[in-house]
Structure formats: C-alpha cells, structure tokens
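K.L.:
Once you've had a glance at the structure underneath, I'll fire off some questions.
The values are calculated or read from the model by the stated rules, or taken from the named source; none is laboratory data. This structure is a prediction, so every number in the text was calculated from the model and none was measured. Reconstructed Cβ throughout: ideal geometry from the backbone, glycine too, with neighbour counts over all protein chains shown. Protein only, heavy atoms only, side chains kept; ligands, DNA and RNA dropped before computing areas. Shrake-Rupley method; radii C 1.70, N 1.55, O 1.52, S 1.80 Å.
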Amino acid sequence: FALSKEHPAPRFFKSHETPKKSYDVVIIGGGGHGLAAAYYLAKDHGITNVCVLEKGYIGGGNTGRNTTIVRSNYLTPEGVNFYDASVKIYEGLSEELDLNLFYSTRGHFTLAHTESAMRTMRWRAEVNKHVGVESRVVGPDEIAKACPQLDLSCSGQAPILGALFHAPGSVARHDGVAWGYARGADRLGAEIYQNTEVLGIDVKNGKVCGVKTNKGYIETKQVLSAVAGFTPRITEMVDLETPIVIHPLQACVTEPMKPWLDTILVSGSLHVYVSQSSRGELVMGSSLDPYEVHSTRSTLDFVEGLTSHMLDMFPFLSNVKVVRQWAGMADMTPDFAPIMGKTPIEGFYLDAGWGTWGFKATPISGKTMAQTIANDSAPDLIHSFRLSRFEDYELTGEKGAASVGH
Ligand code: FAD
Ligand code: PYC
C-alpha cells in the first residue's frame, strides 16, 4: 500500500473531523455490519458519497466483544443458506481486504448430553446436509479423538452422548474484521467519523430527510441503522416498533496457554462454549443474562457459573486464571433470527436483531444491506428476515441453533 496525498500517513483509514452538509447514504454504527455495508456500497454498487457515524470508536461495540465463532449449522434452510454465504465470503476475506484476519477453521462440536439434544442435532444435521453444508452427528469416540483432554463423563454430571460436528466452524480476529472493512471502505471513498453520535433522525411525510448529530445536521435520503444493542434508541427516533429486547451477554478469557484445544466446543446443557485463540487464551462464554438491561457491566456470578462447568469438562484447568471478562448488549428477537431490510419509513433501513449470533453474518449482512439500499429492495436471501414477518406471523425460528442456552 503506497503512501499518497489521500493516505499521507500509514493509518488504517483517514480520520475526519466534521461531516459534510449532505451524503447519499448515512450509516449509523461503525461496527462490522455498518462498515461492511459502506464497503459493499462502494465496491458492488459504486455508491461512495457515504458516511459511517460511530459514537465511540470503530469495533468498540459487539464486534470487538464477541467470541468470534463463525459457522452455518443453523436450523432453518433460510438461516443455513444465509450464514453459509457469509462463511464463504469469510474464507477469502483476508485476501480480499489484504489484512490477516487470523481466520482459522477448527471444526465446531455442539455436544449433546440428553436424548432430546441428540434429536435436535440430527434435525440440524439433516437440514444442513440438504442445503449442502457439512454437518453430521458423531459419537463419543470421534469427539474424544478430536479433543482427548475432554472428560466425556463431564465429572459424572452430564455424560456426552454425541455431538453435531460442523467441519467449517471457525474463529477469526474480530476487531480485525472491523478494521479491514473500515480501511476498504475508506479507500473506496466512504468517510468514517468516530466520536460522532446520531441524536435524532428527521422524517417528513414518511420519508427520511436528515440526521442530527453531535457534530451538526446532515441531509440525506437514506439511513441505515446498524447499531446492534442500541437499536431501540434509534428506532424510537423514527417511531418504529420492533420486538427487540436487550439482554447482556458476557464472556471471558484465561491467561494464554500453549495451544492444546484445536476445536470449538459448545455444550447447551452445561451452558458453556470454548475455543482457544491464536494467542493461546481460552475464549469462553455462556448464556444470556436472564434479565433485560441496557448495560455492559460484568458479574462475578457469570464467571463462577461458567468456570464450574468448564471444570466439569476439563478438570485439569483448575489452576488456570481468568484474566479478563466483559459484556455486550445483545439485541434479541423472539425467533432468534435477525431483522434486515426496508421499513415502513421510506429511506430508513434496518440491520438489527443480531443478538448473540451476528459476528458470523458480518460479510453477508454488509453485502445484502448494501444491495437493499442501492436497489431500494431487499434481495431474496434476506426475505425471511424482514421486519413485517412479526405482523404476518411468519417467524424464522432459529432458537434451536443458538450457541448455548440463548
Ligand atoms: P456493533 O459492533 O455493536 O456496532 C454497533 C455500533 O453502533 C457500536 O460501535 C455503537 O457504538 C454504535 N452506535 C450505537 N448507537 C449509535 C448512535 N446513536 N450514533 C452513532 N453510533 C452509534 N456472534 C457470532 O456470530 N459469534 C460469536 O461467537 C458471538 N459471540 C458473542 C459474544 C458476546 C459476549 C457478545 C456480546 C456477542 C456475541 N456475538 C457473536 C454477537 C455479535 O457480536 C454481534 O451480533 C455483532 O458483532 C453485531 O455487529 P454490529 O456491527 O451490528 O454491531
Ligand atoms: O453464534 O456461534 C455463535 C455464538 C457463540 C457464542 C455466542 N454466539
């Protein structure tokens, strides 16, 4: 990458201070989804008079807080197709963005400790195979081969009967994804404003005409809201009702260890999932906090519950230290599928309802939301995720494919 007048310093993207008076498209939220939408608007549709407004710093929301699992072993054919399209983009994304995203295919085991969990695994395996996605049910022997350190009896608490094995399951460097899309969008002409908060959205005669920010007023006819856990704050600005509720989702990491855990393991019954990051930390999480609250505070309760179940699976970890914990705000929908596309307000587009599952969707959500904005019409791939499904009672039930008990 050569330095030039446009890129005078070796920074990832240009740092702008004051937005222009107007843009063709204003994107609210500098997480992976908003930045990917800016990138694909420019790359796929030649729309570059675009700004991304981020109230904090890019990737500082759920994009930089998630546990980086990428997979497509969902329950509905619509979901499997959608997430599979994302996995396919992820596989070539480091090359496309010219940035090492540490995309690492590990294989993903969803452990079943009961007969009813085994039934759900068979169901998911059959739907996945039908759509051409590599998932199958495996027995304890295959699990033991992939992860010999795992106590298959789970300290006698919940013996493992089998698992859904999904070979393409991967992890990636989460904030790298935000940085890569930011740099790509910037190079193609979009402008990124950090420390820039949207305070209001102007709607006249049912049409978007501008946004109010802490850096002044911006005229625009098209606004994309891609703010995950802040979605209710934005939709109330345009009087739009959605069924989204906000629950905290917490996670933590241990001190780094030499690599020993090759795969990604999820146990719905023990409410725990784990992988080992490229720098050796065990990255662990559990279910949603069981109450609605708009907050990113962490709790002792969470680490105590999670680590006691980790010790059921891996008793030898008892002396390993947890060094960091944090939380994000998950924008949960009733059917555990996202809300994407047009809204009843002309020019107001929604990319939300990403709950506990949206990191894996970053590339395909950016691509399909860019397509929706460019054509003012949503592509078929996201039809099942439209907001109006809640009025039509046509839900896209993905609850059985959420990672742990959420
Ligand atoms: P965000 O990254 O949250 O970006 C939204 C941005 O909008 C924020 O930076 C915020 O500051 C900004 N914003 C908000 N309001 C305004 C405003 N008024 N003006 C300007 N900017 C504003 N998903 C997976 O697929 N796999 C996982 O393993 C996984 N693990 C998770 C673990 C945890 C602990 C959490 C919390 C989530 C996890 N998720 C996972 C979910 C995933 O992180 C999110 O769904 C995804 O990152 C959402 O990305 P986004 O770009 O839509 O939102
Ligand atoms: O969607 O795979 C997932 C996930 C794992 C942890 C949180 N979400």
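K.L.:
Restricting attention to the range 331-375, which residues are on the phi > 0 side of the Ramachandran plot and within 15 Å of ligand 2 (Cβ to nearest atom)?
P.N.:
Step one: filter the range 331-375 for residues on the phi > 0 side of the Ramachandran plot, giving 336, 341, 347, 353, 355.
Across the range 331-375, the qualifying residues are PHE336, GLY353, GLY355.
K.L.:
Same structure again: Condition test on THR263, is it more than 15 Å from ligand 2 (Cβ to nearest atom) and touching a residue at least 12 places away in the same chain (Cβ under 8 Å)? Explain how you work it out, then say what you get.
P.N.:
On the way: more than 15 Å from ligand 2 (Cβ to nearest atom): no; touching a residue at least 12 places away in the same chain (Cβ under 8 Å): yes.
For THR263, the condition - more than 15 Å from ligand 2 (Cβ to nearest atom) and touching a residue at least 12 places away in the same chain (Cβ under 8 Å) - is not met.
K.L.:
Please count how many residues of the range 245-282 are open to solvent by less than 20 Å² (accessible area, probe 1.4 Å) and either assigned to a strand (DSSP E or B) or modelled with pLDDT of 95 or more (or both).
P.N.:
21
K.L.:
Here's a follow-up. State all residues of the range 384-403 that are open to solvent by 10 Å² or more (accessible area, probe 1.4 Å) and either within 13 Å of ligand 2 (Cβ to nearest atom) or farther than 18 Å from THR242 by Cα (or both); if no residue qualifies, say none.
P.N.:
Scanning the range 384-403 gives LYS399, GLY400, ALA402, SER403.
K.L.:
Within the range 349-404, which residues are within 17 Å of the chain's Cα centre (by Cα), assigned to a loop (DSSP other than H, G, I, E, B) and not acidic (Asp, Glu)?
P.N.:
Listed by number, the residues that qualify are GLY353, TRP354, GLY355, THR356, TRP357, GLY358, PHE359, LYS360, ALA361, ALA402, SER403, VAL404.
K.L.:
To continue, here is another question. Under 6 Å by Cβ, and 6 or more places apart or on different chains, what pairs join a residue from the range 367-387 that is free of Cβ contacts under 8 Å to residues at least 24 places away in the same chain and farther than 14 Å from TYR40 by Cα with one that is surrounded by fewer than 19 Cβ atoms within 10 Å (Cβ to Cβ) and among the β-branched types (Val, Ile, Thr)?
P.N.:
none
K.L.:
Moving on. What residue, of PRO290, PRO232, is part of a helix (DSSP H, G or I) and either within 16 Å of ligand 2 (Cβ to nearest atom) or under 21 Å from the mean Cα position of the chain (by Cα) (or both)? Steps first, please.
P.N.:
Working: PRO290 fails: part of a helix (DSSP H, G or I).
The conditions single out PRO232.
K.L.:
Which of the residues spanning the range 322-338 are crowded, with 23+ Cβ neighbours inside 10 Å and either among the charged types (D, E, K, R) or over 28 Å from VAL283 (Cα atoms) (or both)?
P.N.:
ASP331
K.L.:
Filter the range 24-64 down to the residues that are surrounded by fewer than 24 Cβ atoms within 10 Å (Cβ to Cβ) and outside any helix (DSSP H, G or I) and list them by number. Walk me through it before giving the result.
P.N.:
First pass over the range 24-64, keeping only residues surrounded by fewer than 24 Cβ atoms within 10 Å (Cβ to Cβ): 24, 42-49, 55-57, 59-60, 64.
Passing the criteria: ASP24, GLY46, ILE47, THR48, ASN49, LYS55, GLY56, TYR57, GLY59, GLY60.
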